[in-house]
Structures are given as structure tokens and as C-alpha cells.
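The structure under discussion appears below in the form of C-alpha cells.
Values in this text are rule-based calculations from the coordinates and carry no lab data. These figures come from a predicted structure and were not determined experimentally. Cβ placement follows ideal geometry from the backbone for every residue including glycine, while neighbour counts extend to all protein chains displayed.
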Amino acid sequence: MSDPVHIKDDGSSILTIQSVEHHPKAGKQFMIRERQEPHRIITLLFGELVLIDEQSAAQGWLWKCVKKSGWYGFRNVVSGSYLGYKGQSKTLQACMPHHKNNEYFMTERHEDGGYVLLTIHGEELWQVAISKDGKSLVEKKAEEGAGTAWDFVEISQAHDR
């Protein structure tokens, strides 16, 4: 467990990073960050799901973990939308206001540390990975290669008094 890191976001509150080895847990808030360098962060920016190298208070990089029927969901705290995929697209988005099948996730421990995000497709689980161009998130069948290892960095918010 690493020492807490405190980040002042906008003068009204302090964000505390408690550890990078947290497993997703319902009710907690997380920065979802690529385990390997350059440690890209899953972020919602102007309505688009992107990967960024640095966090900023004005960007949607904070995700609240929820659980429904045993499935995890990740709701962006800025937009209220859930991480998931739309229709037959293999590219992930964050545009749905609900937590249904296309927004269901499981996690599995990655052999090198961190966690692989898994999505449901019929009777199969597909892995979430960074696209070849490094700009988006895509789903891959297990036989297409390993998914990206993610750190779930727990963020707690303490309001100044």
C-alpha cells in the first residue's frame, strides 16, 4: 500500500489517492489508469471517451463503481453516464444513462498486477484493451490477445471546512 497523495482540485475540496492496488468496490470512486507507462487515464472529455496522460480537475476521469445483479458498472461523476459499448461496436463509450447489459463489467486479476476489465457478449466475456492507435478503448476476444491491465486508484473526497 502506498502513502496517500492529496490533490487540491478547485479550492473547495481535496482529492486523496489512497492506493493503486484497490479492487473495484461498489460505492467507491476510482481513477481507472493503465498499469504500464505512460499510465493513460480513462477520461470523458467533451462527451468523448479518451485516454489522457495527466488528470485535470475539469475533466471527467473520476468513475463511481456500482454493482447490479453481480455486475460492476462505472458511472462518470461529471456526466452521470456509464462506461460501456453501443450496439455491435467494439469501441467503448460513456453515453448511456443506465446500467444494463452493455454496461456490465467483471474484473479479473492480471498476471502482472492490476486488473483486466471484462465485458459480457452473449455467453462470452471479452477483454477491454487500448486500441492500436492508443486513442480509445476496444473490446477483444480472449484469443485476440491479453486485455490491458488497469489500476483502480481509489479517490476519496474531503470537503474543506
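Structural remarks
- When the trypsin sites (Lys or Arg not before Pro) in the stretch 47-154 are filtered for DSSP coil states and for at most 15 other beta-carbon atoms within 10 Å of their beta-carbon, the remaining sites are Lys86, Lys100, Lys132, Lys135, Lys141.
- For the stretch 5-159, taking Cα atoms only, Rg and Dmax work out to 14.6, 47 Å respectively.
- All other residues whose Cβ lies under 9 angstrom from that of Gly147 are scored, Lys and Arg at +1 and Asp and Glu at -1, for a net of -1.
- Among the GluC sites (Glu not before Pro) within the stretch 60-161, those in coil by DSSP and having at most 10 neighbouring Cβ atoms inside 10 Å are Glu111, Glu123.
- Modelled spin labels at Glu124 and Ala146, positioned 7 Å past Cα toward Cβ, are 2.0 nm from each other.
- Of the chymotrypsin sites (Phe, Trp or Tyr not before Pro) found in the stretch 41-103, those that fall in a DSSP loop while having at most 15 other beta-carbon atoms within 10 Å are Phe46.
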